[in-house]
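All of the numbers you see were taken from the coordinates with simple rules; none came from a lab. Small disclaimer: the values here were computed from a predicted structure and weren't measured. Don't worry about glycine lacking a Cβ; one is built from the backbone with ideal geometry, like all the others, and counts go over all protein chains shown.
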Amino acid sequence: MQQEHEKLVCQNKKAYHDYFIDETYEAGIVLEGSEVKSLRQGKASIKEAHARIENGEAWLYDMYIARYEQGAQAFAPPERRKRKLLLKKAEIQRLIGKSREKGYTLVPLKVYFKGPYAKLLIGLARGKKKYDKRAALAERDAARELARARALRVKEGNA
């Protein structure tokens, strides 16, 4: 089986800072007309976006896709409309059960093209407390210092 090429459009780095990501799901996005061309140009943002399950269907809210400049503006869809997500029925049922639990939410992590199709990686996430965020920052700083010390030691050993 051949490896499919993925082209990253945008990602939500802050989601990993604000949430513990327990599970991830790959979903297709239903797009209209020129939205695909704007996505291919990288003119999108999911920083304020969130996903919900309503009536057995998954929906993405507040994802920004800029209007395609060369397209007809009269027919361009709104930049922040709700968009349907394409998931398998079993995945939707699992997400319905999990997202109803206290503290869980569906957070978009990244948008990318897998072959000709636009995909969205959504995460089943629990919110971090302030002390969790501080601990993560301290851990990252310690790892950075350790890497810096190793690099310095290697540099001095070779000099």
Filter result for the condition that a residue is on the phi < 0 side of the Ramachandran plot, in contact with a strand residue (DSSP E or B) (Cβ under 9 Å, 6 or more places away or on another chain) and exposed (fewer than 15 other Cβ atoms within 10 Å of the Cβ), over LYS110, LYS129, LYS114, LYS133: LYS114
Unmet requirement for LYS14, which otherwise passes all of (1) surrounded by fewer than 14 Cβ atoms within 10 Å (Cβ to Cβ); (2) within 20 Å of LYS88 (Cα to Cα): (2)
Pairs, first free of Cβ contacts under 8 Å to residues at least 60 places away in the same chain in segment 96-125, second in a strand (DSSP E or B) and among the hydroxyl-bearing types (Ser, Thr, Tyr), C-beta under 8 Å, six or more apart: SER99/THR105
Residues located in segment 108-159, provided they are among the aromatic types (Phe, Trp, Tyr) and farther than 16 Å from ALA15 by Cβ: PHE113, TYR117, TYR131
